[in-house]
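Below is one structure; the comments refer to it alone.
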Amino acid sequence: MNPLKKIYRFYSEGFRAMTVGRTLWLVIIVKLLLMFAVIRLLFMPDILGRLDSDAERAEAVRHSLTTPGKHDSTSKTSCIWISYQP
Amino acid sequence: MDLLSTVDWSRAQFALTAMYHWLFVPLTIGLSLIVAIMETIYYRTGDERWKGLTKFWMTLFGINFAIGVATGLILEFEFGTNWSNYSWFVGDIFGAPLAIEGIFAFFLEATFVAVMFFGWKKVSPGFHLAATWLTAFGVALSAWWILVANAWMQYPVGMEFDPDQMRNVMTDFSAVALSPVAVNKFFHAVFSTWTLAGVFVAGVSAWMLWRKRNVEASRLSLRIASWVGLAGIFLTLWTGDGSAVNVAKVQPMKLAAMEGLYDGKVGQELVGFGFVNTDKRPGDSLPAIKAEISIPYGLSVLANHDPHSFVPGINDLIEGVSLTPQGDTVNTVSYAERIRMGRTAREALAEYGQARQAGDDAAAAAALKTVRENYRYFGYGYFDNPEDAVPPVAMTFYSFRVMVVTGGYLLLLFIALVFISYRKTSLLERSWLHWLCIISIPLVWICSQAGWVLAEVGRQPWTIQDLLPVQAAVSAIPADNVVLTFCLFAVLFTMLLAAEISIMLRYISRKSKTDIMA
């Protein structure tokens, strides 16, 4: 038998024979959907990923880390990416 | 926008996610070893009873693995969203171990876990056993890379800061991957998982003994769990001693906070019992610990293995007295000076960027020289006062004691269980023993979590020791957004935990009514 077919059958028969596994797979699918389709897309954007190049990201971080007042111990206000214009 | 709120909520969110993640991970690592040992006994003896036992615990391993898998990915989302400065600043040093971990986790675990569960009748017994051991090896190896990344944050080595890229660049992979902090942290964490899994197996077995179900299976499981747990707790204590020595050398402020020690001395005692005076501040004359009962020379022995060694306190460190990596007392840079150097580096870094944009090479070179001279204390430039670099003393102090007290209890428990599990007396039929094992299940998780609270709260305010404090590492996103995702994660993880406990309990209850070893 084709090795790829063997591997496919190994997994498909294994999944079919699962007992506790069916509930687990439901939990896993719901979890992964929530994580990637909801949390990642809607709530957890990659902040620096919005910039176009590594050079712009480096400059944004320099601006953020070296601007006096930002991030200091007593700082109550900040404007990092929101105000940064490359 | 209130940055402090964003920092605090981002920290709380990361702590919540990491703590929930660490509920699942140690059971996966530790239980994989116990399952591998049981299957090895089956392979060597051909005794079908051990096959039944292996399958029972392997299913519990599978439930935990399935529920817990990928929960760590949320932490990586948080790096990109809440800690974008940090994510960029650490560069490939943090990314490389995480990427390696991801690849190993996928290929090793996904392949061999499948053989473990689906391959009983499809592969030879030897191949199946190899798959089980490779799964155990793979999950531990995954932990290695995560702990390398964590250790680097506490002891940043093997890198150089590149002001053009605004990130740290790895210059010595082996220094990062094999730093003494990483090596010790790995073994301490992995051995602790053996302890945790030992308690889990002992607790479930004790429950079946209490219900008088599968008595022989429970006795055999209890015996394996006792040995694994005893080995685990001994080795955890041994590597814990190594952790204390490492912390004394590379994070002396964490050690001082762990003890609530403000003014150190030669032959420093260890606080055996006491309450932290939360009004105490560096430099004042208030007592640090109330109702203190001390162990003479204890901290000097713990930190330096020398009862007559000096251990610096918080005030000493702020004033510039510390230890060399060899453990000798040394006058070092005061925190006031570090703040000055950090600010100088920060200003020079801004000047470097401006000079590069203006094409002024001479000014850029001069600024770069200043950055390099002061970079080792770059992170102190974000502080207004030396006290800002002191971690939360009370939480560090208490988490250390919770870890040690519960760890000591578990050592006694496993010594007793090893002894009892070989006796055919009625001790194994005693309800109090069953319930002692059952209530030890939450205790071992508390012990494990307290260890991480100590490690992570004790290193505050740093995300990267001396280089980047939390307030500089955080993204300036609205605190409300972080509060929302905090609540979202709290609900998601609580649901996952409830699902895991529910599925496990139902499985244990159902299987316990049948002959597990059949």
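The numbers here are math on the coordinates, done by the rules we state, and not lab data. Since this is a predicted model, take the numbers as computed values, not measurements. Positions of Cβ are generated from backbone atoms using ideal geometry, with glycine treated the same way; all protein chains shown enter the neighbour counts.
Key figures for this structure:
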| item | result |
| --- | --- |
| Net charge of Cβ neighbours under 12 Å - reference B:Ile314; Lys, Arg +1; Asp, Glu -1 | -3 |
| Reach of B:Lys290 by Cα under 25 Å, taken over lysines that are not fewer than 8 positions away in the same chain | B:Lys254, B:Lys265, B:Lys280 |
| Angle between chain B longest axis and helix B:479-512 axis [Cα atoms, degrees, rounded to 10] | 20 |
| Stretchable slack from B:Phe419 to B:Asp515, in nm (0.36 nm times residue separation minus alpha-carbon distance) | 32.0 nm |
| Simple label model, 7 Å out from Cα along Cβ direction - B:Ala366 to B:Met495, nm | 6.0 |
| Value of [θ]222 nm, deg cm²/dmol, for the protein assembly as shown, DSSP H segments ≥ 4, -39500 (n - 2.57) each, nearest 500 | -22500 deg cm²/dmol |
| Inter-label distance, nm, simple model (7 Å from Cα along the C-beta direction), B:His308/B:Phe234 | 3.3 |
| Among B:Phe191, B:Ile441, B:Ala288 - extreme Cα towards positive end, dipole of chain B, charges at beta-carbon | B:Ile441 |
| Partner lysines for B:Lys513 [C-alpha distance under 16 Å; skip if fewer than 8 residues away on the same chain] | B:Lys55, B:Lys212 |
| Orientation-averaged projected area, Cα convex hull of chain B (nm²) | 26.4 |
| All Cα pairs of segment B:433-518, percent lying beyond 16 Å | 76 |
| Proxy reagent accessibility, fewest Cβ within 10 Å first, across B:Met58, B:Met517 | B:Met517, B:Met58 |
| Long-range Cα-Cα pairs in the protein assembly as shown (distance over 36 Å), rounded percent | 42 |
| Residues A:Tyr8, B:Tyr409, B:Tyr377, sorted so that the one with the fewest Cβ neighbours within 10 Å comes first | A:Tyr8, B:Tyr409, B:Tyr377 |
| Translational diffusion coefficient (Stokes-Einstein; Kirkwood radius from C-alpha pairs) of segment A:1-44 at 25 °C, 0.890 mPa s, in µm²/s | 197 |
| 0 to 90° range, to nearest 10: angle between helix B:431-457 axis and chain B longest Cα axis | 20 |
| Neighbour net charge for B:Glu269 - beta-carbon separation under 12 angstrom, K R +1, D E -1 | -1 |
| Longest segment of chain B lacking trypsin sites (Lys or Arg not before Pro) that sit in a DSSP loop with at most 16 other Cβ atoms within 10 Å | B:213-422 |
| Degrees between helix B:180-210 axis and first principal axis of chain B (Cα, 0 to 90, nearest 10) | 30 |
| Residues of segment B:249-271 with amide N under 15 Å of the 7 Å Cα→Cβ point at B:Glu387 | B:262 |
| Given charges at beta-carbon only (K, R positive; D, E negative), |dipole| of the protein assembly as shown in Debye | 3400 |
| Counted charge near B:Ala131, where neighbours are those whose Cβ lies closer than 13 Å (Asp, Glu -1; Lys, Arg +1) | -1 |
| Charge-dipole axis of segment B:54-125 as Lys and Arg at +1 and Asp and Glu at -1 on Cβ define it, positive-most pick from B:Gly68, B:Trp57, B:Ala105 | B:Trp57 |
| Residues B:Leu75, A:Leu32 arranged by fewest to most Cβ contacts within 10 Å | A:Leu32, B:Leu75 |
